[in-house]
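Report on one structure; see the data block that follows.
Read the figures in this text as sums done on the coordinates, not as results from a lab. The model shown is predicted, which means the values in this text are computed figures rather than measured ones. Note that each Cβ is placed from the backbone with ideal geometry, even for glycine, and that neighbours are counted across all protein chains shown.
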Amino acid sequence: MAETPDTALELKLGYRFQNQAVMDLALTHRSHAQPHNERLEFLGDAVLGWVVAECLYRMYPEWNEGQLTRARAGLVRQKTLAELADSMNLGEQLRVGGGIVLEGAARERALASALEALLGGIVLEAGPETAQSVIERLLRRWWPIISDFADHKDAKTRLQERLQGEGLPPPRYLLETAEGPGHRRRFRVRCEIPEQALSAQGTGGSVRLAEQAAAERLIAKMDHG
């Protein structure tokens, strides 16, 4: 029997859905139809965060809270999940609205969301223990470099620690604009250090990404006077 696209995805996921409707829902982008996958994404995001936290706590007893937090953030971030989804050719199965082409940050966000929704579907069908096994297997490729995540500090953290070292309060982040349709939303944020009369802008597909971009630019401005 020829392998169908759904079967190929399930093989890479390591789980065979008992109910095709659950899998279809997990792969339905909000631009395609109602209901879409955001409720399943919510569930999958929760179990993913718990499984990763439990694995890190068990595997790295010598790490402090900061290292555990950074490692977890690196594993569950949108970029990591989108890369996993891409390796499974999940994008070929994603159901989006007619005429809509997801690119760049919007595509990355959609892939990550669909993967989390699939995990949510597994929780509903087979329970958290099965979902845990699937997640641990999917993330196995990242374990050899997990210490890189643990030791890496994002721009917002680096900026705040730098200001603390100078006896200054944390920077302020101000949302300036939010433009575009829901699936291609772009945000612009300004990061300010009033005490030093410094500021920088950053843009991104989410407020969080825009804040990180603004913090990175402000650090560069501080470094170069």
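Local charge for Thr203 was computed over the other residues whose Cβ lies under 13 Å away, with Lys and Arg +1 and Asp and Glu -1, and equals +3.
Here the dipole of the chain is about 440 debye; that uses its Cα centre as origin and unit charges on the Cβ of Lys and Arg (positive) and Asp and Glu (negative). Computed from Cα positions, the angle between helix 104-126 and the longest principal axis of the chain comes to roughly 50 degrees. Take the Cβ atoms of Arg16 and Ala53, set R0 to 25 Å, and the FRET efficiency comes out at 0.40. In this simple spin-label approximation, Ala197 and Glu179 carry label points 7 Å from Cα along the Cα→Cβ vector, and these lie 2.9 nm apart. Straight-line cross-link reach from Lys221 at under 19 Å between alpha-carbon atoms covers these aspartates and glutamates, not counting any fewer than eight positions away in the same chain: Asp154, Glu161, Glu166, Glu192, Glu195, Glu211. Compared with the dominant Cα axis of the chain, that is its longest principal axis, helix 38-59 is turned about 70°. Pairwise Cα distances in the chain exceed 23 Å for 55 percent of all pairs. Among Ile219, Ile135, the order by Cβ neighbours within 10 angstrom, fewest to most, reads Ile219, Ile135. Which of Gln164, Gly180, Gly202 sits closest to the plus end of the dipole of segment 155-223, meaning its Cα is farthest towards the positive end, when Lys and Arg get +1 and Asp and Glu get -1 on the C-beta? With unit charges placed on the Cβ atoms, the residue in question is Gly180.
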